[in-house]
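This report refers to the structure that appears directly beneath it.
The values are calculated or read from the model by the stated rules, or taken from the named source; none is laboratory data. The shown structure was predicted, so the numbers you read here are calculated from the model rather than taken from an experiment. In this analysis, Cβ positions are derived from the backbone assuming ideal geometry, glycine residues included, and neighbour counts consider all displayed protein chains. When the accessible area is computed, the model is the full protein with side chains, heavy atoms only, and any ligands, DNA or RNA have been set aside. Shrake-Rupley method; radii C 1.70, N 1.55, O 1.52, S 1.80 Å.
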Amino acid sequence: MTDQAEQASAAQSPAPEIPGKPTSASRTTLSHIMTHSDTNLLGTVHGGVIMKLVDDAAGAVAGRHSGGPAVTASMDEMAFLEPVRVGDLVHVKAQVNWTGRSSMEVGVRVLAERWNESTPATQVGSAYLVFAAVDADGKPRTVPPVLPETEKDKRRYQEAQIRRTHRLARRRAIMELRERRVAEGYED
């Protein structure tokens, strides 16, 4: 077989299957004490500070799961449930909920321990982010499938599939609308 024929054959054959990784293999918690430099005009912690912590924790999980660099593709949802205050110890817990060929949905829960109370940490936020695994040239690379371990993990996997379906349908509907507007002579 010639080199060109071998390359053509290799290009047509599917990539070898990557063994899956359990959810627990990449799960992580990032903890941070909130200071005055983290506050907004109301004196509580700025939402952008929490979003950065969320992105940092999710990125660590995505990189750990995929075995290399991963970049934020989207943040589907960020819910702020309660304000975070100066002195709070914030815990950002993240795990891979779902994987595609080169993308991963990472679920994140944000908890805060009040510095002056002896109560358990309270959930103050949650988010879902999509990461894409990339190679050294920034091109997508294949990720291992996630293997849900618990009933909670299985539920999160199923919910992530629903969110993915909605993301794709929303993107398709927007593209169709834009194409229709261009065809009607509207410029955006």
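Quick look at the values:
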quantity: R85 long-range amide H proximity, modeled H, under 5 Å; calculated: V45
quantity: Whole-percent carbon and sulfur share, accessible surface of the chain, 1.4 Å; calculated: 54 percent
quantity: Entry for Cα extents along the principal axes in Å (calculated from the structure that is shown) out of (i) 73, 50, 33; (ii) 48, 43, 28; (iii) 59, 35, 27; calculated: (i)
quantity: Segment T29-S74, extension gain: residue separation times 0.36 nm, minus the distance between their alpha carbons; calculated: 14.1 nm
quantity: Heavy-atom surface of the chain, accessible at 1.4 Å and reported per residue (Å²); calculated: 62 Å²
quantity: Within the chain, longest stretch free of exposed chymotrypsin sites (Phe, Trp or Tyr not before Pro) [DSSP loop, at most 15 other beta carbons within 10 Å]; calculated: 1-114
quantity: Which of V71, S31, H166, positive extreme of dipole for the chain (C-beta unit charges); calculated: H166
quantity: Computed magnitude of the charge dipole of the chain (debye, nearest 20; Cβ of K, R +1, Cβ of D, E -1); calculated: 400 debye
quantity: Qualifying lysines (Cα of each under 30 Å from Cα of K152; at least 8 residues distant if same chain); calculated: K21, K52, K93
quantity: Rel. contact order, % - alpha carbon contacts under 8 angstrom, at least six apart, the chain; calculated: 24 percent
